[in-house]
Structure formats: structure tokens, C-alpha cells
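Here's the structure we're looking at; comments come further down.
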Amino acid sequence: MPTDETILPGAENPGKLTGLKLGPPQQAAAGIPGVVAAFKQVIGEVGLLRGLKALGKLNQKDGFDCPSCAWPDPDDERSGIGEYCENGAKAIAEEATTKKIGADFFRKNSVSELAAMSDFEIGRKGRLAEPMFLPVGGSHYQPISWQEAFAKIGTALNELSSPDEAVFYTSGRTSNEAAFLYQLFVRAYGTNNLPDCSNMCHESSGVALGESLGIGKGSVKLEDFYEAEVILILGQNPGTNHPRMLTALQKAKHNGATIISINPLPEAGLMAFNNPQQVKGMLGLDSAITDIYLPVRINGDMPLLQAIEIMMLEREEKNPGTVLDQVFIQNQTEGFEALKHHLQHLNIEDLIQQSGIGKVQLAETVNILQDKKKIIACWAMGLTQHKNSVDTIKELVNLLLMKGSIGKPGAGTCPVRGHSNVQGDRTMGIYEKPSSKFLQKIKDRFQFEPPASHGLDVVECIKAMHNEKASVFIAMGGNFLSATPDTLYTAAALRKCTLTVQVSTKLNRSHLVHGREALILPCLGRSDKDLLNGQQQIVSCENSMGVVQQSKGILEPVSDKLLSEPVIICQMAKATLGSKSPVNWDIYLKHYDHIRNDIEQVIPGFEDYNERVRIPGGFYLPNCNREGRFDTFDGKAAFNIARFQPLIKKDNELLMMTIRSHDQFNTTIYGLDDRYRGIKNERRVILMNEKDIMTLKLTDGELVNLYNHYEDVERVAYGFIVVSYPIPEGCAATYFPEANVLVPINSVADKSNTPTSKWVIITVRKA
Ligand SMILES: Nc1nc2c(c(=O)[nH]1)N[C@H]1C(S)=C(S)[C@@H](COP(=O)(O)OP(=O)(O)OC[C@H]3O[C@@H](n4cnc5c(=O)[nH]c(N)nc54)[C@H](O)[C@@H]3O)O[C@H]1N2
Ligand SMILES: Nc1nc2c(c(=O)[nH]1)N[C@H]1C(S)=C(S)[C@@H](COP(=O)(O)OP(=O)(O)OC[C@H]3O[C@@H](n4cnc5c(=O)[nH]c(N)nc54)[C@H](O)[C@@H]3O)O[C@H]1N2
Ligand SMILES: [Mo]
């Protein structure tokens with residue numbers, strides 16, 4: 001029988017390779033194979049009737065918000081064929097499955113037996129069906145009543161010598177209503193320890209945009225795509241992670257936009273797209289998406305952007321007023337002269353070399369950009385998870401500002417969010433560093449003094465648990481153990497806790513790597529019907545473009561023992577705060593309209609929330625950039641000066657990025673294929689350039705171990721198969737979460753503290 005010590009937490013079992021099959025990477029995304037794959041999965045897991053019912057309401061105005069990514073829905077008409085994508089359908093198959101696990105399942109399967117299974121196997125077990133408790137030293141989870149579970153949480157929290165010894169994690173699927181209540185409970189209890197998945201995701205974007213443009217969110221609307229002249233896509237794989245974005249790109253292109261993709265990998269969806277909702281796509285005829293593909297080195301984006309800027313400055317000098325928007329620069333920005341001076345003293349040859357892009361392609365890119373005024377920049381994790389991410393994103397902002405491409409139609413910033421309500425959770429106050437303005441609003445409305453000192457983010461809270469400064473861990477969704485860096489370190493941190501509590505829909509590894517006592521609290525998902533006192537409730541979410549709209553689940557829950565997240569939070573709060581609670585939780589337990597009434601009083605932009613959330617399609621939140629303003633301290637957009645620090649690594653070292661396959665949603669593994677990249681039936685692979693494979697005296701298909709030695713600690717990921725792939729020399733790619741063991745806890749982005757999941761130095765040795 002395997003024991004906890006022999007299991008590598010968070011990783012697919014390295015002893016169990018699943019049998020790699022390789023094909024050529026695909027040239028185009030989606031089309032019929034995508035639809036077939038999605039349908040098979042939904043019908044298999046959910047059943048025909050329930051499956052069709054769910055898909056029919058997915059992303060419709062009277063339906064529920066897709067629990068997959070945060071890409072917006074069209075404001076006007078929504079497709080009758082279905083306003084969803086292959087991977088949205090897979091998310092539904094995962095959530096709406098009729099399989100369930102309860103007391104019986106946990107009696108038959110010990111924690112260590114479950115921990116020996118792969119993430120893929122664990123995910124297939126079904127929906128969590130009743131609250132479960134693991135006592136001190138217990139080998140099996142046992143059933144527990146909701147009342148007892150809440151009492152245990154209340155007791156554990158009240159026994160701490162300070163509220164700061166507890167941490168409250170949130171993943172980005174939590175609705176606005178649940179998120180608002182959660183932060184309210186946590187602050188009424190007395191701490192700002194509210195780490196969330198954002199800390200590992202778009203935090204670098206929030207910091208960079210907030211400092212340079214005065215708002216941490218993107219500025220574009222979907223319609224802007226249809227007016228843009230150029231769309232830059234950096235560090236993003238929309239074909240897999242935001243498939244409906246391809247429809248927008250296709251339309252943008254049809255309207256004349258040029259699309260420039262900047263990515264170490266030639267991702268299928270970026271290259272071409274078979275739109276399954278158009279006859280042409282059904283017939284398998286693709287539309288090319290990318291006009292210029294720049295195969296940048298990992299983290300070569302900043303030098304690339306600087307080289308582009310230098311060339312634009314030179315062309316502007318030669319023909320003043322033809323390349324840059326001088327009026328905009330003059331009136332709306334500060335710091336341009338300093339930036340110009342800085343760029344003129346950089347060596348463009350060095351920058352080009354560090355970016356990995358050839359001069360011809362660079363010139364071609366500048367030729368396109370030089371006379372364009374309406375540019376959209378889209379980006380995701382390929383820009384946010386490096387040491388210098390905040391500066392790279394500010395460099396991208398520099399480019400947009402030089403062109404006056406912010407605050408007008410067809411132009412602006414588009415950080416493409418991940419989780420479907422990650423942006424809304426932040427708006428609701430899930431943030432470890434709340435502003436004093438926000439806290440004052442809480443105080444005004446609820447008449448208590450919320451804690452003012454900053455709380456812990458994800459990395460800080462892992463360290464606090466490791467150092468025994470925090471000992472109760474509560475998670476509103478997510479899979480903390482597998483999503484976070486340095487898996488063994490994080491596992492040790494969680495195991496030191498006195499109590500770990502997971503509010504979850506599905507079993508995951510964070511239930512199996514736990515504190516001395518552990519609770520699993522099963523909740524309703526987005527697609528489940530939420531009845532309160534006989535009345536069906538709605539919740540709401542904010543998408544990547546700041547639209548807030550309602551979401552109404554429609555499926556019968558698989559078990560009558562599930563509670564909604566808002567109800568679970570109210571009950572936790574009541575059990576913890578008791579009669580001294582400054583907040584009346586019972587009123588929220590009557591109807592969620594009461595939650596929205598209070599959100600309206602605390603958070604700007606939510607006037608008449610209950611009315612407006614019921615308007616089909618929802619409403620836009622205010623956005624200063626979109627309105628042509630910059631809410632910085634002086635009202636101007638700021639150019640930023642950054643000096644790129646080239647990576648110093650040894651000849652035998654590679655720079656590794658950890659990425660998503662086509663068959664996963666973060667730590668949820670839908671299947672073992674990465675269809676677009678031609679990799680099938682195996683996740684323990686490392687993609688390498690063929691020259692590196694030769695130089696390191698390895699062979700394609702060989703079994704290797706991966707090592708990282710940051711700060712002299714050896715981290716090992718065992719049992720990966722070498723796959724020769726078109727990736728720049730010196731770079732490598734593995735899948736998240738298998739390779740998270742290698743991401744050092746102390747390797748974080750400056751200013752945002754985001755783990756550098758796409759910037760890990762490794763060595764590769766034969767296994
Ligand atoms: N189906 C599905 N949808 C999802 C998710 C999922 O797991 N599955 N996850 C959701 C979440 S939470 C998020 S945050 C998003 C993630 O969406 P993405 O950011 O698209 O996801 P990643 O796989 O992390 O891909 C990053 C991309 O960046 C590239 N890249 C890596 N390093 C660099 C670099 O240094 N420079 C440049 N220019 N490119 C680089 C990689 O080659 C890859 O194409 O997707 C969301 N949607
Ligand atoms: N190495 C590496 N690490 C990364 C990344 C990377 O690119 N590389 N990406 C990072 C990013 S961008 C992100 S966002 C994080 C993701 O981190 P998390 O958000 O913590 O992880 P998920 O895998 O999305 O969480 C999945 C679990 O959420 C639960 N769940 C699903 N739906 C619901 C719901 O409606 N309610 C509740 N309560 N629970 C639900 C299920 O039990 C499921 O097992 O990972 C980060 N980690
Ligand atoms: Mo994310």
C-alpha cells in the first residue's frame with residue numbers, strides 16, 4: 001500500500017506512464033473534431049437529455065455562465081446553434097456528470113489509496129455528494145452533518161490566538177454574491193488573508209495596468225475587435241483556453257485587421273481556425289488567423305517590444321507625425337521623453353538577439369504597425385508568469401501609448417482572464433491588499449472596523465503555513481495543492497495545518513494532502529438549480545470585459561445534501577461570529593437579492609444591481625480607460641522605463657514554461673490528449689528543440705528526469721518523455737500541474753509576487 005511519503009503530491013504518478021502516441025501538430029483549431037469530442041464527453045458523462053438541456057442554456061441570456069473561461073458573450077445576438085465551445089462543453093461534462101461520491105465511496109477508498117491515483121482518475125469519480133470529515137490520524141473520510149461541520153470550523157477559527165493565523169483562499173469560479181459574502185465574513189472575523197487564484201494568474205497585469213493606466217482591468221469591448229486595425233496576441237493560446245475568441249478574431253480579420261501572434265509555440269488555434277458554427281468550418285476549410293507569427297524565446301517579449309519601439313522612434317524621426325500619436329502623447333501621458341532617451345541608449349542588436357526574432361520579421365512587424373492607430377493588445381499567462389512580468393506588460397502599454405491606442409474604439413488593452421469570475425471576485429473585494437476607500441465603505445454599511453493591515457497572498461500564505469504562523473486553511477473552490485508552486489513544499493505547509501477545509505464540487509488532490517483534521521464541503525456548481533425557501537435564485541459574474549450578467553443554474557443537483565456557496569458562507573460566518581456578528585447573515589439566507597442590495601451600497605458601478613442584473617445580457621461596469629481617462633495620481637497615463645535582464649544560464653540548462661494541454665481545465669484533467677499539438681495519451685512529456693535534444697545527448701522519446709536547483713534546493717520531476725517540437729532553442733515546455741514540483745516557492749515576479757510558472761530553469765537527465 002502506498003503511503004503519503006511515497007506519493008508525489010499533485011503529479012500524475014511517474015511510475016504510471018500512459019503510452020505516448022505522437023502525430024504532427026495540427027495547423028488549425030476546432031471544426032468538426034472539436035464538436036464531436038465535446039459531444040461525446042457530454043453525452044457520456046451527463047446523459048443525452050440532461051446534456052442537451054445544459055448545453056442549450058450555456059451562455060444564453062436566460063441561462064448560466066459557462067464555468068470555463070472568462071471570454072465575453074456577444075452583447076447582441078447569441079448563436080442559436082450554441083454559444084459555447086468544445087472546452088466549455090467539457091467543463092459542463094465535468095460538472096454536470098450524474099456520477100457521485102459519498103459516504104460509501106470514502107469508506108471503500110482510503111485517503112492514501114485515492115492519493116495513489118492520477119489526477120485524471122480522481123476527476124472521473126464524480127460529484128462530491130455529502131459533507132465529509134477526516135479526523136486526526138484517520139485513514140478514511142467519514143460523513144459528517146453540515147451543522148457539525150460548521151461548528152468545527154467556528155471552533156477552530158475561534159481557538160486561534162489571532163485571526164491572521166487563518167487563510168481564506170478563493171478560486172475564480174465563485175459568483176459575485178458568494179465572493180462578497182466571503183470577504184465580508186473574513187473581514188468581520190478580523191483578517192485580510194484572502195489569497196486567490198489571481199495571485200498566480202493575472203496579478204502582474206493588474207499591477208502593471210493599475211500603475212500605468214489607473215485601472216487594473218482591460219479596456220476593450222468585444223466590438224472593439226471588429227474595428228481594430230491590428231491585434232497583437234502575446235503569450236496566449238486561445239484555441240485551447242479561450243476558443244470563442246477565435247470567432248472574434250475571425251470576424252476582426254474579415255473586417256480588415258492584421259493579426260500578429262507572439263508565442264514560442266506555433267499554436268494551432270492562432271494559426272488557423274475551422275469555425276464549427278459556419279458551413280465552411282463544418283466542411284473543414286480553415287480561415288488563417290495569424291498574419292505574422294513571431295516565435296519569441298520564452299520571456300523574450302520585453303526586448304522584442306523595445307526593439308519595435310526603437311524602430312518606430314527612428315521612423316518617426318525621419319517622418320515626424322506619421323508613426324506616433326504626438327497629440328495623445330502630449331496631452332494624455334507623462335514620461336515619454338525619458339522613455340525615448342532610455343530606448344535610444346539600448347543596443348538594438350542585443351535586444352533582437354535576446355528576443356529570438358529575426359530582423360526580417362521584425363521589420364515586417366514594424367511596417368504593419370507604423371501607420372496604424374487602432375491596435376488591441378491581448379495577452380495571458382505567457383506574459384504574466386515571469387520574474388519581470390510587470391515590466392513586460394508595462395512595455396506593451398508603452399507601445400499602445402506611443403500609438404495613442406487606448407481609450408478609443410478599436411484599440412486598447414485586453415488581458416484575457418482565465419477563470420469565469422476571477423475578475424468579479426476581485427471587484428467584490430477578494431483581495432489581500434484592500435484599498436482604504438473600500439474598507440471605509442464596508443465600515444459605513446456594516447458598522448464594524450475591518451482590519452486595515454494587508455493580508456497574505458498565495459505565496460506568502462504557503463510560507464506562513466510552512467512556518468506555522470497560519471494553521472487553519474479554508475478554500476472556496478480551487479485545488480490549492482496542485483495549482484501552487486513547489487508542490488512538496490506546499491504539501492508540507494498544508495500538512496502542518498490543524499484544519500483544512502475545502503468547499504468543492506469535485507474530488508481533487510487538495511482533499512488528499514490535508515491538515516491534521518480536514519473537511520470536504522460539497523457545493524452546487526454553476527449549472528445546478530439553486531433553490532432557497534422554494535424560490536429559484538440567480539447569481540452573477542463579471543467577464544473579462546467588465547460585463548456583469550446573471551447566471552441561473554437549471555439542472556437538478558445530483559444530491560440533496562449540496563449547499564450553495566452563499567449558504568455555506570453564511571453558515572460558516574454564523575458558527576464563527578455567533579451573536580457578536582456585526583452582519584445579519586439570516587437576511588441573505590432568505591433571498592440573494594439582499595446580498596446584491598448590500599453590494600450596491602459598498603461597490604461603485606453596481607447601482608440598481610437587482611434590476612440591471614435581470615436585463616438580458618447584463619450591464620457594463622464603468623472603466624476609466626474606455627471612457628478616455630486615466631485614474632492615476634496625475635490623471636496621465638505613464639510611460640515606464642525598464643531594463644531587460646538577460647537570463648544567465650549554463651549551457652546545459654533550459655528555460656521551461658509550464659502550460660495547459662487541450663484536455664484540461666487548470667488542475668482538472670479531462671483527458672490525456674493534447675490534440676492540437678499532436679500529443680496523445682500522455683501528459684508526462686517535455687517539449688524540446690531538436691538541437692537541444694542533440695546537444696544534451698538525448699533522443700526523441702527517451703525517458704528523463706527534470707531538475708531545478710534554485711537557491712541550492714534540488715527539486716526533481718521524475719519520468720518525463722522527450723518530445724522533439726518546434727520550440728525555440730534553449731526553451732522547453734511541460735504541462736501544469738505535473739511540473740509544479742519544479743517551480744521554486746521563492747521564484748516570483750517582482751511587484752506582483754506571482755510564481756514564475758513560465759520561467760523555470762531546469763536541467764534534463766536520462767532517467
Ligand atoms: N480549456 C481551458 N480553458 C482555460 C483554462 C484551462 O486550463 N483549460 N484555464 C483558464 C485560466 S485560469 C487561464 S489563466 C487561462 C490561461 O490561458 P493561456 O495563458 O493561454 O494558458 P497557458 O497554457 O498557460 O498558455 C500560455 C501560452 O503562452 C505561451 N508562452 C509561454 N511563455 C511565453 C513567453 O515568455 N512569451 C510569450 N509570448 N508566450 C509565452 C505558451 O506557448 C502558451 O501558448 O485560460 C483559461 N481557460
Ligand atoms: N505551473 C503552473 N501553475 C499554475 C498555472 C500555470 O500556468 N502553471 N496557472 C495558474 C493559474 S492561471 C490559475 S488561475 C491557478 C488555478 O488554480 P485553482 O483555481 O485553485 O485550480 P482549479 O484547477 O481551477 O480548481 C479546480 C477545483 O475547483 C473545484 N470547483 C470547480 N467548480 C467549483 C465551484 O463552482 N465551486 C467550488 N467551490 N468549487 C469548484 C473543483 O473541486 C475542482 O477540483 O493555477 C495556477 N497554477
Ligand atoms: Mo488563471
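We did not get these values from a lab; they are worked out from the coordinates using the rules stated. All values derive from a computational prediction rather than experimental measurement. Reconstructed Cβ throughout: ideal geometry from the backbone, glycine too, with neighbour counts over all protein chains shown.
Dipole of the chain computed with +1 at Lys/Arg Cβ and -1 at Asp/Glu Cβ about the Cα centre; of Gly216, Ser661, Leu232, farthest Cα towards the positive end is Ser661. Over the chain, Cα pairs under 8 Å with separation of 6+ residues give a relative contact order of 22 percent. Summary of the geometry: region 526-585 and region 432-505, compared by the centres of their Cα atoms, lie 21 Å apart.
Per residue, the average separation of C-alpha pairs within less than 8 Å and at least 6 apart gives region 529-645 a relative contact order of 25 percent. With a simple spin-label model that places each label point 7 Å from the Cα along the Cα-to-Cβ direction, the separation between Asn533 and Asp750 comes to 5.5 nm. Along the chain, counting only GluC sites (Glu not before Pro) with a DSSP assignment other than H, G, I, E or B and at most 12 other Cβ atoms inside a 10 Å radius, the longest segment between sites is 78-467.
Quick check on the chain: helices-only [θ] at 222 nm, where DSSP H runs of length 4 and up contribute -39,500 (n - 2.57) each and the sum goes over total residues. Nearest 500, please. The per-residue figure over the chain is -9500 deg cm²/dmol. Net length available on complete extension from Asn331 to Asn255 is 24.3 nm, with 0.36 nm assigned per residue and the Cα-Cα distance removed.
Each label point was placed 7 Å from the Cα along the Cα-to-Cβ direction; for Glu702 and Asp634 their separation is 5.7 nm. Count Lys and Arg as plus one, Asp and Glu as minus one, and take only other residues whose Cβ is under 10 Å from that of Met402; the net charge is then -1.
Note on the chain: antiparallel DSSP beta bridges, both residues inside, total approximately 40 percent of the bridges counted.
In region 647-722, which trypsin sites (Lys or Arg not before Pro) are in a loop and have at most 13 other Cβ atoms within 10 Å, using DSSP for the loop call? Within region 647-722, the qualifying trypsin sites (Lys or Arg not before Pro) (loop, at most 13 other Cβ atoms within 10 Å) are Lys649, Lys650, Lys697. Database remark: amide H of Val296 closer than 5 angstrom to the amide H of Asn263 (H placed geometrically; neighbours at sequence offset of 5 or more, or on other chains; Pro and chain starts carry no H). The lysines whose alpha-carbon is closer than 16 Å to the alpha-carbon of Lys552, local same-chain residues fewer than 8 away aside, are Lys53, Lys57, Lys61, Lys529. The DSSP beta bridges internal to region 203-415 are antiparallel in roughly 10% of cases. Pull up the cross-link candidates among the lysines for Lys387, meaning alpha carbon to alpha carbon under 25 Å and not fewer than 8 places away within one chain. Those lysines meeting the cut-off are Lys217, Lys340, Lys433, Lys463, Lys649, Lys650, Lys751, Lys758. When the chain is described by a simple charge dipole with +1 on each Lys and Arg Cβ and -1 on each Asp and Glu Cβ, the residue from Ser110, Ile648, Asn331 located farthest towards its positive end is Ser110.
How far, in nm, would the chain grow between Gln142 and Glu364 when pulled straight, counting 0.36 nm per residue and subtracting the alpha carbon separation?
On the way: separation 222, 0.36 × 222 = 79.92 nm, distance 6.37 nm.
My answer for the length gained is 73.5 nm.
Tell me, how many Å apart are the Cα centres for region 324-340 and for region 128-145? Distance between centres, Cα-based: 61 Å. Using alpha carbons only, how many angstrom separate the centre of region 151-225 from the centre of region 660-680? Here the answer is 28 Å between Cα centres. Using the structure shown, list the pairs from Lys40/Lys506; Lys90/Lys253; Lys373/Lys636; Lys253/Lys506 with a Cα-Cα distance above 31 Å, or answer none. As for pairs spanning more than 31 Å Cα to Cα, those are Lys253/Lys506. Two numbers describe the Cα atoms of the chain: Rg and Dmax, which are 24.9, 77 Å. Within the chain, the cysteines lacking any other cysteine Cβ closer than 4.7 Å to their own Cβ are Cys66, Cys69, Cys85, Cys197, Cys201, Cys461, Cys497, Cys523, Cys541, Cys570, Cys624, Cys731. Summarising the amide proton neighbourhood of Trp379: residues at separation of 5 or more, or on other chains, whose placed amide H is nearer than 5 Å comprise Leu234, Cys414, Val416.
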